[in-house]
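Reviewing the structure listed below.
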Amino acid sequence: MNKTIKSSLIALAGLAVCASSASAVATANGDLLIGFYQLNAAGDAFEPNTYVFNLGAAATFRENTLTGVSVSTINPGIASSNIGAELATAFGANWAESGNVRWGVVGGLDQTTVGLVGGELQGTSYVSRAATAYQNAPSSAGPTGVNGTSRSFLRNNIEAFRVGSNNVGTDIGNDAGALITTISSISTFEDFVPLAGSSQFGIAQNILGDFTAGNIDGQEGSLDIWRLVNAMSSAALASSGTDLTSGLGTGNAVLQTGQFIGTLNIDGAGNLTWGAVPEPSSALLLGVLGMMGIARRNRSAK
């Protein structure tokens, strides 16, 4: 559905949107947002429901050094890291197995930003790429060659999506997320990921992932998150005071190239986690060693 048609439908949906706005998810400049949408069975059209989940400030996740934890461990403002019931409401009970639900992550600072916010300048953006391994290092190829013009397109499209999602839609069980129909907002997630063509959010970078049973170490889906810093030049970036480091990345951020900040995972139950967790065998071994330690201390105490 193109934006002209959607704009004409806003009036029809307005009352419903206003009625639900008190329960909708709030978004703020600098937030990191997960967008979910669904294709029809033939894969040639969008279904009406989208779901947006706000992880909170992107800078919080950029600075994080923890792995194998829930997203609410990194951002305690998230009441629950489980969105399984919400995804089932939005896309059906088989959302993880249907093969027609897609997700992606975008975020960053918009054109209203003045000075440094969270250690970043206006136009810094975050995008995701489908991960190929469940580990504490990037397994996807990060964005490259994203020049100033492309960064501007990216910033403006992410801004349009964030603003279009702000206080719109319906809370269907998790205060950090909202179900938003494609006629209730001019800028829902699927507007920026066209069915045809390689451009997503205005740049020629594939930011999406899909769900596959047991995709990576039992996860339904995993996305590497990449940061694209912004400045007029490399010299301007170096002198700007921008925080060039990432808690889980290596080296300093540079212009036009993505900087890894972590991997977002979802399992078939809808649990959102960040980074790798121990393999089951490793976790079992740690548990056995722990019990041995407890037993040894108990014997020593006798």
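Would you mind telling me which numbered condition in (1) over 17 Å from Gly35 (Cβ atoms); (2) touching a residue at least 60 places away in the same chain (Cβ under 8 Å) Thr188 fails?
Result: Thr188 passes all but (1).
Can you confirm whether region 256-274 contains a residue that is under 17 Å from Gly142 (Cα atoms), surrounded by fewer than 17 Cβ atoms within 10 Å (Cβ to Cβ) and at pLDDT 90 or above?
Yes: region 256-274 contains one or more residues that are under 17 Å from Gly142 (Cα atoms), surrounded by fewer than 17 Cβ atoms within 10 Å (Cβ to Cβ) and at pLDDT 90 or above.
Is it the case, given these coordinates, that Ala90 is in contact with a Leu (Cβ under 6 Å, 6 or more places away or on another chain), part of a helix (DSSP H, G or I) and at pLDDT 95 or above?
Details: in contact with a Leu (Cβ under 6 Å, 6 or more places away or on another chain): yes; part of a helix (DSSP H, G or I): yes; at pLDDT 95 or above: yes.
For Ala90, the condition - in contact with a Leu (Cβ under 6 Å, 6 or more places away or on another chain), part of a helix (DSSP H, G or I) and at pLDDT 95 or above - is met.
One residue is enough: does region 4-23 have a residue meeting the conditions assigned to a loop (DSSP other than H, G, I, E, B) and either touching a strand residue (DSSP E or B) at 6+ places or on another chain (Cβ under 8 Å) or modelled with pLDDT under 95 (or both)?
Residues of region 4-23 assigned to a loop (DSSP other than H, G, I, E, B): none.
No, because not a single residue in region 4-23 is assigned to a loop (DSSP other than H, G, I, E, B) and either touching a strand residue (DSSP E or B) at 6+ places or on another chain (Cβ under 8 Å) or modelled with pLDDT under 95 (or both).
Could you list, in sequence order, all residues of region 172-186 that are more than 13 Å from Asn49 (Cα to Cα) and either among the aliphatic types (A, V, I, L, M) or over 18 Å from the mean Cα position of the chain (by Cα) (or both)?
Gly173, Ala176, Ile186 - these are the residues of region 172-186 that are more than 13 Å from Asn49 (Cα to Cα) and either among the aliphatic types (A, V, I, L, M) or over 18 Å from the mean Cα position of the chain (by Cα) (or both).
Output the number of the condition that Asp191 fails; it satisfies all remaining conditions of (1) assigned to a helix (DSSP H, G or I); (2) touching a strand residue (DSSP E or B) at 6+ places or on another chain (Cβ under 8 Å); (3) surrounded by 19 or more Cβ atoms within 10 Å (Cβ to Cβ).
Going through the list (1) assigned to a helix (DSSP H, G or I); (2) touching a strand residue (DSSP E or B) at 6+ places or on another chain (Cβ under 8 Å); (3) surrounded by 19 or more Cβ atoms within 10 Å (Cβ to Cβ), Asp191 breaks only (2).
Restricting attention to region 195-212, and to residues there that are more than 23 Å from Thr257 (Cβ to Cβ) and surrounded by 11 or more Cβ atoms within 10 Å (Cβ to Cβ), which single residue is modelled with the lowest pLDDT?
Thr212
Looking at Gly123, is it touching a residue at least 40 places away in the same chain (Cβ under 8 Å), farther than 26 Å from Tyr51 by Cβ and in a loop (DSSP other than H, G, I, E, B)?
On the way: touching a residue at least 40 places away in the same chain (Cβ under 8 Å): yes; farther than 26 Å from Tyr51 by Cβ: yes; in a loop (DSSP other than H, G, I, E, B): yes.
Spelling it out, Gly123 is indeed touching a residue at least 40 places away in the same chain (Cβ under 8 Å), farther than 26 Å from Tyr51 by Cβ and in a loop (DSSP other than H, G, I, E, B).
So is Leu116 surrounded by fewer than 18 Cβ atoms within 10 Å (Cβ to Cβ), under 21 Å from Gly241 (Cα atoms) and at pLDDT 90 or above or not?
yes
Tally time: how many residues in region 219-236 are open to solvent by 10 Å² or more (accessible area, probe 1.4 Å) and either part of a strand (DSSP E or B) or under 17 Å from Thr149 (Cα atoms) (or both)?
Counting residues in region 219-236 that are open to solvent by 10 Å² or more (accessible area, probe 1.4 Å) and either part of a strand (DSSP E or B) or under 17 Å from Thr149 (Cα atoms) (or both) gives 8.
Of all residues in region 93-113, which are in a loop (DSSP other than H, G, I, E, B) and in contact with a helix residue (DSSP H, G or I) (Cβ under 7 Å, 6 or more places away or on another chain)?
At the first step, the residues of region 93-113 found to be in a loop (DSSP other than H, G, I, E, B) are 93-100, 109-113.
Correct list: Trp95, Asp110, Gln111.
Being at pLDDT below 95 and small (Gly, Ala, Ser) is the filter here; which residues of region 42-69 pass it?
Scanning region 42-69 gives Ala42, Gly43, Ala45, Gly68.
Scan Thr170, Thr124, Thr181 and give me the residue that is hydroxyl-bearing (Ser, Thr, Tyr) and either out of contact with any strand residue (DSSP E or B) (no Cβ under 7 Å at 6 or more places or on another chain) or closer than 14 Å to Ile225 by Cβ (or both).
After applying the criteria, what remains is Thr124.
The values are calculated or read from the model by the stated rules, or taken from the named source; none is laboratory data. Since the model is a prediction, treat every value here as computed from it, not as a measurement. All Cβ positions, glycine included, derive from the backbone under ideal geometry; neighbour counts span all protein chains shown. We work out accessible area using only protein heavy atoms, side chains counted, and drop any ligands, DNA or RNA first. Shrake-Rupley method; radii C 1.70, N 1.55, O 1.52, S 1.80 Å.
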